[in-house]
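The values are calculated or read from the model by the stated rules, or taken from the named source; none is laboratory data. As the structure is a computational prediction, the values presented were derived from the model and not from experiment. Don't worry about glycine lacking a Cβ; one is built from the backbone with ideal geometry, like all the others, and counts go over all protein chains shown.
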Amino acid sequence: MHKIIFFFWYKIPRLIQIPFLPLSFIFFIIIYLRRFLLLYFFRRFTSKARVIIVGNLVVGGSGKTPFTIWLSKYLESKDKKTTIISSGYGSSISSPVIIDSLSNPNEVGDEAVLLSNKTQSIIVSSSNRIESTKFSDTSEVDFIIHDDGLQHYSLNRQYEFIIENTNQRDNKFLLPCGPFREPKFFHKNADFILSNYTGTEYPGFYSKISCVSSSVDKSKYDLGDKRFSSCILISAIADDLSLVKELKEYDIELITHKYPDHYQFRESDIPTVDQPILVTEKDFVKIKPFCNENIYILEQNIVPNDKLLKLLEKLS
């Protein structure tokens, strides 16, 4: 609900937002004091492994989870062992658990299940990041990657990678007048990485559809296949602008059904149609139990630029 309210607020003219600027100032005082107390007055937990935070400063999606998947594979290619910790958005799990193929996304979070499906890392999910990190310290790993967790100052970290979505608006205000949870200067030593970015000036990456796979037998197809000339896209991700744009480049006659991020699908949400129904890998972990034979999964790869690869050399 808070995301729906937030995106509605984005559409209100800036002049109407001006009277609410004092609320943003009060919000700043609160988060500044919280950060100051957690950094300098409370004990912070330090893991045996090097901790990487993959976070963002704004409300809404930025590409953290796809980047986390790619980062874990990058480190694996450098012979580094990793554990990934997910907060399990929408999870009912309070104590740390290891995610596997039998985990229920409605219980542990859709992103946790996706991370398990897409990486060779140990995936730990719970609502308590400190306890999850302590739990992960029982294994011999080189890096513990936190998918999200930027504002969890009780946890020491060696690296902060802050993902900024180039599709996000220019409003730089703090909540409630803008999208920012925190100002950038809270993270002076962080590395900022642009998502949905095809340029070369800054470290960044973009996602590209690699193939379409059948939910029935895992057969892989190219989007240029005639069977996909007319499709329905069902998505419950924070930002589907780039995905829709890429699909339309294939001259697909596309009907889109957009749901809120992390939406828990019901079987009645899946239409009975003749056209192929396209879904993201993140959404498929929730749709899979419906056993709909007309579902096709959009598999995506991260394409990093040279600046990003150079930046990550410090992790080796």
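Couple of notes before you dig in:
- Qualifying position, being crowded, with 16+ Cβ neighbours inside 10 Å, without any contact (Cβ under 8 Å) to a residue 60 or more places away in the chain and aliphatic (A, V, I, L, M), among I255, I277: I277
- Only one of the listed residues (E246, E293, E299) is part of a loop (DSSP other than H, G, I, E, B) and touching a residue at least 24 places away in the same chain (Cβ under 8 Å). That residue is E293.
- Boolean, R35 is modelled with pLDDT of 90 or more and either surrounded by 14 or more Cβ atoms within 10 Å (Cβ to Cβ) or not polar (S, T, N, Q) (or both): yes
- When each of S268, S213 is tested for being at negative phi, in contact with a Lys or Arg (Cβ under 8 Å, 6 or more places away or on another chain) and outside any loop (DSSP other than H, G, I, E, B), the lone residue that passes is S213.
- Residue count for the stretch 129-147 under the criterion of being touching a helix residue (DSSP H, G or I) at 6+ places or on another chain (Cβ under 9 Å) and surrounded by 16 or more Cβ atoms within 10 Å (Cβ to Cβ): the result is 5.
- Subset of the stretch 37-61 (residues that are within 12 Å of F161 (Cα to Cα) and of a type outside the set (A, V, I, L, M, F, W, C)): G55, N56
- Among residues of the stretch 102-121 being surrounded by fewer than 19 Cβ atoms within 10 Å (Cβ to Cβ) and over 16 Å from the mean Cα position of the chain (by Cα), the one that is nearest to I85 (Cα to Cα) is Q120.
- Listed here are the helices (runs of 4 or more DSSP H) enclosed by the stretch 63-132 that have at least 3 residues being farther than 16 Å from D148 by Cα, assigned by TED's automatic domain parsing to the domain that holds I53 and in contact (Cβ under 8 Å) with a residue 40 or more places away in the chain: 64-77.
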